[in-house]
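None of the figures in this text is laboratory data; all of them are computed from the coordinates on show. Source: prediction; values computed, not measured. As a convention, Cβ positions derive from the backbone with ideal geometry for all residues, glycine included, and neighbour counts pool all protein chains shown.
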Amino acid sequence: MWYASNAPSTTRVTVHTASAAVVALSVQEFSGVAAKSPLDVAAGKKIFKQGGGLDSLYGSTKNADDFNVANAVYKEAQKVDSYIDPSLTMAVK
């Protein structure tokens with residue numbers, strides 16, 4: 001998660017992908033990758049609220065898990081809540 005309020009315009013972000021490629025992007029370039037614009041702190045905290053819809057990271061992850069089980073990507077549902085740790089986001093003031 002990248003917060004607009006905490007990112008100087010000269011900051012560079014290095015992204016490591018599964019194929020071990022490394023890509024360096026400016027904050028402006030990076031912000032367009034995940035969304036139209038970086039999240040502010042309040043929006044970042046909002047997505048970490050427990051919920052079943054796609055507006056919650058928990059609901060979105062559960063939706064993906066359900067899809068993966070239904071399409072035999074893996075056999076058993078995962079404990080998606082155990083994958084999510086909101087502590088760093090919630091600590092931002």
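Structure summary
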item	result
Loop-resident sites, segment 57-93, for chymotrypsin sites (Phe, Trp or Tyr not before Pro), counting at most 13 other Cβ within 10 Å (DSSP)	74
Among 87, 50, 61 - extreme Cα towards positive end, dipole of segment 41-93, charges at beta-carbon	87
Members of 49/93; 49/79; 46/75; 45/75 lying beyond 22 Å, as alpha-carbon distances in this model show	46/75; 45/75
Charge dipole (debye, nearest 20) of segment 41-93; +1 at Cβ of Lys and Arg, -1 at Cβ of Asp and Glu	260 debye
Amide H contacts of residue 39 (H built 1.01 Å from N, under 5 Å, at least 5 apart or other chain)	2, 4
